[in-house]
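To keep things clear, I will list the structure first and then write my remarks on it.
Each reported figure results from applying straightforward, stated rules to the coordinates on display, with no laboratory input. Treat the numbers as computed from the prediction; the structure is a model and nothing was measured. Methodologically, a virtual Cβ is constructed for each residue, glycine included, from the backbone with ideal geometry; neighbour enumeration extends over all protein chains shown.
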Amino acid sequence: MKYISRSDWGALHSGKPLKDFRRKVVGIVIHHTTGPSDKPWDRVRGHDKYHVKTKKWDSIAYNWLVSGESGEIFEGRGWKKGAATYGQNSKTISISYIGDSDKELTALGKETILTVVRAIRERHGDHLWVKCHKDFSSTTCPGKTLSKWVHGGMDTSESPANVAIDWGAIQRYIIDKGNAYLSARILKRGSRGELVELAQKRLNDLTKANLKVDGIFGRKTGDAVKKFKSNYAMKVNRIIDKDTWKVLWTV
Ligand SMILES: [Zn+2]
């Protein structure tokens, strides 16, 4: 992660000075910029130009911008008052994810957002809440994926940034575990347990099933299995047998 100051990336001078917060900061609001996520320096400059030249604002609206590609943290209005969240700007600090969170929200991006959240809380207090732009206006910002993560408590446990994970080994372990169990049985509606939970997680990763990961094989899990199987050369039904398991973990 690398911090890029306004002067580093070349923020435009509008001639209007940025203003200090006069009220207590109570929360943090997450946005995304939409558009491409590559070349974050160009994206930040592009948004700055749009906000300053086209909209005639004092500066780029966001307080901080985060790249999920590079892990770079760009100072927007920084610790001065922002303009990204109508009605909330006098008491909140905004962080914008560069790009469209529904197209690419990376583990690095999440970690970087959390780094900024920690820095803001260090300065303004641990009690600061974190919400999404759409919690305050009729907008889709910051996209479904990012909103879900924020509303879910911003967990990064599935992808700790500093730990090297041997995904291959985990995958082999899961396949073997399933094979052992599924040689004699199948998973179907009513099944419960860890394998169902793993399948639900995997279906959520591979499809838009959006299943509750509770280890209980219900109607929705069955529907997701059927939909998943229809994409592959398999008999299409709502059960997970040994073959389904293998496809599920090797596609
Ligand atoms: Zn927004």
Just grab the label-to-label distance for residue 180 and residue 235, each label 7 Å out from Cα along the Cβ direction, in nm (one decimal). 2.7 nm
Mind listing the Cα extents of the chain along all three principal axes, in Å, largest one first? 73, 32, 31
Taking 30 Å as R0, compute the FRET efficiency from the Cβ-Cβ separation of residue 129 and residue 3 and round it to 0.05. 0.80
Loop by DSSP (not H, G, I, E, B), at most 12 other beta-carbon atoms within 10 Å: where is the longest site-free stretch of the chain for trypsin sites (Lys or Arg not before Pro)? 57-184
Would you mind calculating the relative contact order of the range 167-248 from Cα pairs under 8 angstrom and at least 6 residues apart, reporting the percent as a whole number? 35 percent
Taking a cut-off of 21 Å between Cα atoms, list the lysines near residue 188, but don't count ones fewer than 8 places away on the same chain. 177, 201, 208, 212, 220, 226, 227, 229, 235, 242, 246
Would you mind checking the radius of gyration and Dmax of the range 2-151 based on alpha-carbon positions, in Å? 13.9, 38
Would you give the gap between the C-alpha center of the range 86-119 and the C-alpha center of the range 168-194, rounded to a whole Å? 37 Å
Label model pair residue 188, residue 42: point-to-point distance (7 angstrom along the Cα→beta-carbon line) in nm is 5.5 nm
Need one word for the range 167-248: rounded, prolate or oblate. Basis is the Cα gyration tensor (sqrt eigenvalues a ≥ b ≥ c); a/c below 1.5 gives rounded, then a/b vs b/c decides. rounded
Return a whole-number percent for the relative contact order of the chain, with Cα pairs under 8 Å and 6 or more residues apart as the contact set. 17 percent
Computed from the beta carbon distance with a Förster radius of 35 Å, FRET efficiency for residue 138 and residue 14 to the nearest 0.05 stands at 0.80
Hey, with R₀ at 41 Å, roughly what FRET efficiency would residue 21 and residue 201 work out to, going by the Cβ-Cβ distance, to 0.05? 0.50
Tell me, what is the percent relative contact order of the range 14-127, built from C-alpha pairs under 8 Å that lie six or more residues apart? 34 percent
